[in-house]
Amino acid sequence: MGDNIESTRHWIKQRISSILLIPLTILFIYNFLNVAYLPYNEVISNYDNIFNLIVAFLFITISLWHFYQGIEVVLEDYIHNIIVRDLTLKTLKYLSWILTISVCLSFIILYRF
C-alpha cells in the first residue's frame, strides 16, 4: 500500500513539473530567440532584467527536476539488479544536485556581477 502511495505522489510531481514547464518553455525560447544573435554584452544586459533571469532560472531548475523524475522511473523499471539500481539512482541524485547548485551559483554570479 505504501509503495502505491509513493508511486502516486511521484506521478503527481511529474505532472506538476510538466505543467510548470509549459509556460516556462515558451517564455524561455522566446527570450532565447530574442538574444540568440546579439553580442555577449547585450545578452548579459538582457539578463539584468529580473523577469528574464527568473524565467531562465526556473526553466533550467525545473527541467533538471523533471529530468531526474523521469530517468528515475526508467532506471527503476529497467535495472533489475538492486545494487546496481540503487548505486545508479544515488549517483544520479548527486549529479542532479551538483547541476542544480551549479545553476544556482551561475545565476547568482550573473545577477550580482
* To do: Restricting attention to the stretch 21-56, report how many residues are free of Cβ contacts under 8 Å to residues at least 60 places away in the same chain and either among the aromatic types (F, W, Y) or under 23 Å from E76 (Cβ atoms) (or both).
  => 7
* Structure fact -> Per the filter on the stretch 1-20, residues basic (K, R) and free of Cβ contacts under 8 Å to residues at least 12 places away in the same chain are R9, R15
* **Sole residue being surrounded by 12 or more Cβ atoms within 10 Å (Cβ to Cβ), among the aliphatic types (A, V, I, L, M) and assigned to a helix (DSSP H, G or I), chosen from I60, I22** => I60
* Structure fact -> Pairs returned, first residue in the stretch 64-77 that is at pLDDT below 95, second residue that is open to solvent by 80 Å² or more (accessible area, probe 1.4 Å) and not small (G, A, S), beta-carbon separation under 8 angstrom, 6 or more apart or interchain, are L64/L99; Y68/K93; Q69/K13
* Given the structure, is L38 closer than 28 Å to R112 by Cα and either modelled with pLDDT under 95 or surrounded by 12 or more Cβ atoms within 10 Å (Cβ to Cβ) (or both)? -> yes
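The values are calculated or read from the model by the stated rules, or taken from the named source; none is laboratory data. All figures in this text were calculated on a predicted structure; none of them were measured in a lab. Heads up, the Cβs are rebuilt from the backbone with ideal geometry, glycines too, and the neighbour counts pull from every protein chain shown. Ligands, DNA and RNA are excluded from the accessible area calculation, which covers all protein heavy atoms including side chains. Shrake-Rupley method; radii C 1.70, N 1.55, O 1.52, S 1.80 Å.
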